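A short worksheet on the structure shown next.
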Amino acid sequence: MAKKTLNIVESAYRAVMEEQDDTILWVLAAMQGVGAEHTVVLRGNAVNYAVAGQGASRLTIGDWQQAHPPKMDTDIADLIQKRKIPVYVITEDLDDRGIDRAGLVPEVRFLAKAALPGLFEYAVVNHW
Amino acid sequence: MADTTIAIALMDPPYESENLTTALRILDVAPRRGYNINVFAYEGAAALAFTRQAAHPNPIHGKDVAQENHPTTKDQIAALLAEAEKHGGKVDWVNCGMCVDERGVNEHVPGTRRGSPADFHGFVEASVNVLVIPTK
């Protein structure tokens, strides 16, 4: 049985334009596909990944045009619905940024900072 | 000193941060506004113009190579050079030679060249302003 792994994702929008996704969420999705068992906590600026309706316009440099700009909200929904990876967001980090909970991707779970240690029954905790 | 030449130093490697996207957007606009640009690609940024970068499929996105159309910085730099040429601007893109050697990224986009910190010094002297975007 795979080790249950808690992934606390804090770095946000790091190379998402170049990669057309978030590298950490991508690798977790790929690992889940080969039997890993992951849970994600979005904290700090990464809570913004859960805001529904976001998106970057296509990057253009000269005549070069990006085909698929990142859509972080769809990637979060994909983790939850297709990959069955639970995704939590830290409520204080939402509040600090004035992010309305009603505007988040469906099925995102809310977690207060004080409750975070309660998730530490995981065999592995990775802080990204 | 020409008042239409700017210098920029980059340090981040490709595919690791948003800094380069921001830098390339600035560099894309500069020649359209009549600026010549001097770029010193230092440390990880020396791999930006490496021609053996390859696009890949993305099974997580459910896309093959063509559908994913993955960005590569070498293509973006080639487009930047072409855009500048179209507007009559000049881009002098220098890849730090020792940085290139360390990483084995010796093949670079035509129109960029191998150089050294002496080139960066020359860029600073010849430019009306300098923007440094270091690795954090």
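The values are calculated or read from the model by the stated rules, or taken from the named source; none is laboratory data. What you are looking at is a predicted structure, and each value in this text was computed from that prediction instead of being measured. Here the Cβ positions follow ideal geometry from the backbone for every residue, glycine too, while neighbour counts run over all protein chains shown.
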Checklist entry - Just for the range A:13-38: of the residues that are in a loop (DSSP other than H, G, I, E, B) and more than 19 Å from A:R58 (Cα to Cα), which one is nearest to the other protein chains (Cβ to nearest Cβ)? => result A:G33
Checklist entry - Is at least one residue of the range B:68-86 touching a Gly at 6+ places or on another chain (Cβ under 9 Å) and part of a loop (DSSP other than H, G, I, E, B)? => result no
Next on the checklist: I need every pair where a residue in the range B:41-59 that is under 22 Å from A:D21 (Cα atoms) has its Cβ under 8 Å from the Cβ of a residue that is acidic (D, E) and crowded, with 20+ Cβ neighbours inside 10 Å, sequence separation at least 6 or different chains.
Outcome noted: B:G44/B:D12; B:A45/B:D12; B:N58/A:D21
Checklist outcome for this item: Those residues of the range A:33-52 that are over 14 Å from the mean Cα position of the chain (by Cα) and under 25 Å from A:A115 (Cβ atoms) come to a total of 2
Checklist entry - Can you name the condition, by its number, that A:P86 falls short on among (1) surrounded by 19 or more Cβ atoms within 10 Å (Cβ to Cβ); (2) within 18 Å of A:H38 (Cα to Cα); (3) in contact with a strand residue (DSSP E or B) (Cβ under 7 Å, 6 or more places away or on another chain)? => result (1)
Checklist entry - Could we say that A:G44 is small (G, A, S), at negative phi, touching a residue at least 12 places away in the same chain (Cβ under 8 Å) and surrounded by fewer than 19 Cβ atoms within 10 Å (Cβ to Cβ) here? => result no
Checklist outcome for this item: Within the range B:14-29, residues facing another protein chain (nearest Cβ under 7 Å), among the hydroxyl-bearing types (S, T, Y) and part of a helix (DSSP H, G or I) come out as B:T21
Checklist entry - Could you say whether any residue in the range A:59-71 is on the phi > 0 side of the Ramachandran plot, touching an Asp or Glu at 6+ places or on another chain (Cβ under 8 Å) and not in a helix (DSSP H, G or I)? => result yes
Checklist entry - Which residues, counting only those in the range B:32-58, are at pLDDT 95 or above, crowded, with 18+ Cβ neighbours inside 10 Å and more than 17 Å from B:I8 (Cβ to Cβ)? => result B:F50, B:Q53
Next on the checklist: For the structure I just gave you, tell me whether A:A56 is of a type in the set (A, V, I, L, M, F, W, C), surrounded by 19 or more Cβ atoms within 10 Å (Cβ to Cβ), modelled with pLDDT under 95 and within 19 Å of A:V16 (Cα to Cα).
Outcome noted: no
Checklist outcome for this item: Flagged pairs (Cβ under 6 angstrom, 6 or more apart or on separate chains; first in the range A:72-96, farther than 21 Å from A:R14 by Cα; second at pLDDT below 95 and small (G, A, S)) are A:R83/A:A29
Checklist outcome for this item: Filtering the range A:21-53 for residues that are over 23 Å from A:A2 (Cβ atoms) and at pLDDT below 95 leaves a count of 0
Next on the checklist: without any contact (Cβ under 8 Å) to a residue 60 or more places away in the chain and more than 9 Å from chain A (Cβ to nearest Cβ): is that true of B:K74 in this structure?
Outcome noted: yes
